[in-house]
Amino acid sequence: MASSAQSKKLRILLMPFFASSHMGPFTNFAVHLAAARPDVVEATVAVTTANAPFVRSIIARQSPSHVKVEVATYPFPVVDGLPAGVENLTVVKPADAWRIAAAAVDEAVMRPVQECLIRELSPDAVISDMHFFWNTDIAGDLGAQCLVFNVIGAFPSMAIAHLNSSLAAAASDGTRDVDTTRSSEAGVVPVPLLDGKDMLIPHTELPEFMRVKEAFDASVMDRIGSSTTRCASRAANTFLGLEQGYCELFAGTVQTRPSYFVGPVSLPPAGAAPAAIGGGGAAAGRSPCIGWLDRMPSQSVVFVCFGSLAPVSDAQLVELALGLEASTKPFLWVVRNDTWSPPEGWTERVGERGMLVKGWAPQTEILGHEAVGVFVTHCGWNSVMETVTAGVPVLTWPMVFEQFIIERLLTNILGIGERLFPEGAGVRSTNSEEHDLVTAETVAQAIIKFMEPGGGGDAARKRAKELSAEARAAMAEGGSSHRDLQRLIDDLMGARTEQRHATNILHA
């Protein structure tokens, strides 16, 4: 990133949290900003050193050839219990994940290294993850604009804000007493919806930091909320057609600050090389699973992938394997656990009907393939954006963070899917040790029922296809997300002009 003396471009620095699920959309957002006006915008993504290759790989895939997005690095601070080079929630051992999360919001630990980079680059605007609440003050000191980018949508953002507020109030008056037992009578937390009803969240399905007193730091949550309010504006990875009323509610919470809905940022900008999907020969570097999908009938395949963070026990993987086998449906299953092996004889029994992929798979391409009939998903927001864009309905299997909240958006509000683990069938929890085992029979029955002609999958698929068209229209020229992206750039340029004018008057 060039200094202000070297560049007349609008210099935007984006700073994501240390998880692939955050760095991915931040990088995609940077590509869209630069591609929207390459002669005006200079975008740089700032990450710690070990995370730079991941960001560069996204830029290589998503960025059009005429668009350049820079990567800047800063050192990850030394954290007790974390080996050198472990700087991403995706690669850290589950037992140590809290160390990265705690370091991210520790101002004494994280601010010095980030502030050093920000002051060195002296951007016109800083687009920050909400974890880094001090960036509002740093940007203000430099006369730069500060924005918060929500990598999740308006509905889960508003629900979490309500829960944070309720729990912070309870913590401040000493009445907070969250019961984390397995009892079905442990209680629920109500979240108001636009239709006047309440969404009831069982305590076990709350994000873990909200359930454990020792993990809920009300002062940090207050500072995050305060910095977000003081920022010049907010952007979110969603689009109006998906969450219309909740987008309006989200924007209305800070009426003096504009909000921009710029998603789905996973859709590449115009000019980017399209991914090879279905039909045709073997392109260089083409994933074998795409070739396998080419041989499957239209809308016949069950795609199973639980993202990069959700922990799944070996016992649960066995039940899932047996359930997929018993469903008799073709399936493509991505397992992140490289050391796990399916039950003896399973691979031979399944044969060509199933494909098991260890590690990484091209999820966007898979969802875009016409052979995929349903997506069994953990309800991570990036996966939601990708399946909505592709028009693929879902069977939901939330596991951690805000995923149980997002599930309710997909099933109860948008109507693009159903719960795989039926209500009342057992305990679900953001703590994997509390989550009841989902049996092979449950998996098989849910898939068969959803995919049978006239089953829930037909109506869900119809609605998903409608939302897919709306998502693409939103990102196309003149669409709601495209307009908000242009408006954001205009507003940042206007703010820079005002700041320079004020500075000139001050020094006149």
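The values are calculated or read from the model by the stated rules, or taken from the named source; none is laboratory data. For clarity, every value in this text was computed on a predicted model and none was experimentally measured. Cβ placement follows ideal geometry from the backbone for every residue including glycine, while neighbour counts extend to all protein chains displayed.
I'd like the full set of residues that are assigned to a loop (DSSP other than H, G, I, E, B) and either touching a Gly at 6+ places or on another chain (Cβ under 6 Å) or not assigned by TED's automatic domain parsing to the domain that holds TRP381 (or both), limited to segment 430-447. Within segment 430-447, just ASP436 meets the criteria. Please work out if VAL335 is touching a strand residue (DSSP E or B) at 6+ places or on another chain (Cβ under 8 Å), in the same structural domain as VAL384 (by TED's automatic domain parsing) and within 27 Å of GLU87 (Cα to Cα). The answer is yes for VAL335. Screening segment 182-207 for residues that are within 16 Å of SER432 (Cβ to Cβ) and assigned to a loop (DSSP other than H, G, I, E, B) and picking the one that is modelled with the lowest pLDDT gives ARG182. Is it the case, given these coordinates, that LEU492 is buried (at least 16 other Cβ atoms within 10 Å of the Cβ) and over 26 Å from LEU194 (Cα atoms)? It is true that LEU492 is buried (at least 16 other Cβ atoms within 10 Å of the Cβ) and over 26 Å from LEU194 (Cα atoms).
Would you be able to say whether some residue in segment 88-110 is at pLDDT 90 or above, among the polar types (S, T, N, Q) and touching a Lys or Arg at 6+ places or on another chain (Cβ under 9 Å)? No - not one qualifying residue is present in segment 88-110. Filtering segment 73-95 for residues that are of a type outside the set (D, E, K, R), surrounded by fewer than 21 Cβ atoms within 10 Å (Cβ to Cβ), assigned by TED's automatic domain parsing to the domain that holds LEU147 and part of a strand (DSSP E or B) leaves a non-empty set. Which helices (runs of 4 or more DSSP H) does segment 310-429 wholly contain that include 1 or more residues that are crowded, with 21+ Cβ neighbours inside 10 Å and under 20 Å from the mean Cα position of the chain (by Cα)? It comes to 363-367, 381-390, 403-408. Just one of the numbered conditions (1) under 25 Å from PHE331 (Cα atoms); (2) touching a His at 6+ places or on another chain (Cβ under 8 Å); (3) free of Cβ contacts under 8 Å to residues at least 40 places away in the same chain; (4) not acidic (Asp, Glu) is not true of ARG428: (3). Please determine, by comparing only the residues of segment 44-71 that are among the hydrophobic types (A, V, I, L, M, F, W, C) and in a strand (DSSP E or B), which one is farthest from THR90 (Cα to Cα). Going through the qualifying residues, I end up with VAL69.
Beta carbons closer than 9 Å, at least 6 apart along the sequence or on distinct chains, pair a first residue in segment 122-141 that is at positive phi with a second that is in a loop (DSSP other than H, G, I, E, B) and surrounded by 24 or more Cβ atoms within 10 Å (Cβ to Cβ) for SER122/ALA144.
Hey, could you check segment 103-153 for residues that are of a type in the set (Ser, Thr, Tyr) and buried (at least 19 other Cβ atoms within 10 Å of the Cβ) and say which is farthest from LEU33 (Cα to Cα)? Looking at the filtered set, the residue picked out is THR136. Filtering segment 96-121 to residues that are part of a helix (DSSP H, G or I), closer than 30 Å to PHE306 by Cα and among the β-branched types (Val, Ile, Thr) leaves only ILE100. If we scan segment 208-230, do we find a residue that is small (Gly, Ala, Ser), touching a helix residue (DSSP H, G or I) at 6+ places or on another chain (Cβ under 7 Å), at pLDDT 90 or above and under 30 Å from SER266 (Cβ atoms)? Within segment 208-230 (the criterion being small (Gly, Ala, Ser), touching a helix residue (DSSP H, G or I) at 6+ places or on another chain (Cβ under 7 Å), at pLDDT 90 or above and under 30 Å from SER266 (Cβ atoms)), the answer is no, since none of the residues qualifies.
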